[in-house]
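The values are calculated or read from the model by the stated rules, or taken from the named source; none is laboratory data. This one's a predicted model, so the numbers in the text were calculated from it and none came from an experiment. As a convention, Cβ positions derive from the backbone with ideal geometry for all residues, glycine included, and neighbour counts pool all protein chains shown.
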Amino acid sequence: MDTKIEIHTPIERVWEILTDFDSYPDWNPFIRRIEGEVKEGTRLEIFLQPASKKGKTCRQKVNKVVPPTELLWIKRMIIPGLLTREHIFSLERLSQISTLLVHREHYFGILIPFLRQSLQKKTQQNFEMMNSALMKRAEH
């Protein structure tokens with residue numbers, strides 16, 4: 001599941017906002033809080049507030065950090081092979097003052113045939129909400 005948005009701000013500024021977890025409560029309507037470091041191998045505690053739903057906390061592991069172009073964290077269920085989610089932010093420099101954000105999530109595991117449609121619909125709405133808020137913060 002992929003979402004994209006063009007942000008009229010240099011890539012370095014978009015990366016700075018995206019990786020400043022302490023400021024998420026100020027602008028991010030979906031990921032309300034992240035505790036942890038932007039460093040491969042570290043664990044994150046993430047508080048999500050999906051649109052029109054009760055918030056929840058989940059723990060994820062930072063799997064890849066490539067400044068200023070890629071941040072990936074991963075969540076696995078306790079029982080391996082049931083459901084794994086990769087949450088990926090990719091930034092592409094379009095020009096000195098413009099950046100393409102590709103915000104995606106990949107799903108793996110035996111539960112996917114039963115959950116894919118539900119996961120994608122809910123996730124897309126929340127990602128688009130976050131992408132717009134990131135663009136607004138970066139452009140102002």
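Of note:
- Taking the criterion of being part of a strand (DSSP E or B), surrounded by fewer than 16 Cβ atoms within 10 Å (Cβ to Cβ) and more than 15 Å from the chain's Cα centre (by Cα), the residues of the stretch 81-101 that qualify are Glu92, Arg93, Leu94, Ser95, Ser98.
- Sole residue being under 18 Å from Glu12 (Cβ atoms), surrounded by 14 or more Cβ atoms within 10 Å (Cβ to Cβ) and among the charged types (D, E, K, R), chosen from Arg137, Arg76, Arg104: Arg137
- Verdict on Thr9 being at pLDDT 95 or above and farther than 26 Å from Gln117 by Cα: yes
- Condition broken by Gln117, with the remaining ones in (1) in contact with a Ser or Thr (Cβ under 8 Å, 6 or more places away or on another chain); (2) assigned to a helix (DSSP H, G or I) satisfied: (1)
- Residue among Glu105, Glu128 that is touching a His at 6+ places or on another chain (Cβ under 6 Å) and within 20 Å of Asn28 (Cβ to Cβ): Glu105
- Residue that is free of Cβ contacts under 8 Å to residues at least 12 places away in the same chain and either of a type in the set (A, V, I, L, M) or more than 15 Å from Thr3 (Cβ to Cβ) (or both), where the choices are Lys136, Lys64, Lys53: Lys53
- Yes/no for Phe127 being modelled with pLDDT of 95 or more, in a helix (DSSP H, G or I) and aromatic (Phe, Trp, Tyr): yes
- Filtered residues of the stretch 44-84 (kept if within 20 Å of Leu134 (Cβ to Cβ) and of a type in the set (Lys, Arg)): Lys64
- Qualifying position, being of a type in the set (Ser, Thr, Tyr) and more than 12 Å from Arg85 (Cβ to Cβ), among Thr123, Thr99: Thr99
- Test: residue in the stretch 121-130 that is in contact with a Leu (Cβ under 9 Å, 6 or more places away or on another chain), surrounded by 15 or more Cβ atoms within 10 Å (Cβ to Cβ) and under 26 Å from Ile11 (Cβ atoms): yes
- Evaluated against (1) more than 18 Å from Val102 (Cβ to Cβ); (2) acidic (Asp, Glu); (3) touching a Ser or Thr at 6+ places or on another chain (Cβ under 7 Å), Glu70 falls short on exactly one condition, (1).
- Among residues of the stretch 36-50, those that are over 23 Å from Gln124 (Cα atoms), surrounded by 12 or more Cβ atoms within 10 Å (Cβ to Cβ) and either touching a residue at least 24 places away in the same chain (Cβ under 8 Å) or within 14 Å of the chain's Cα centre (by Cα) (or both), counted: 4
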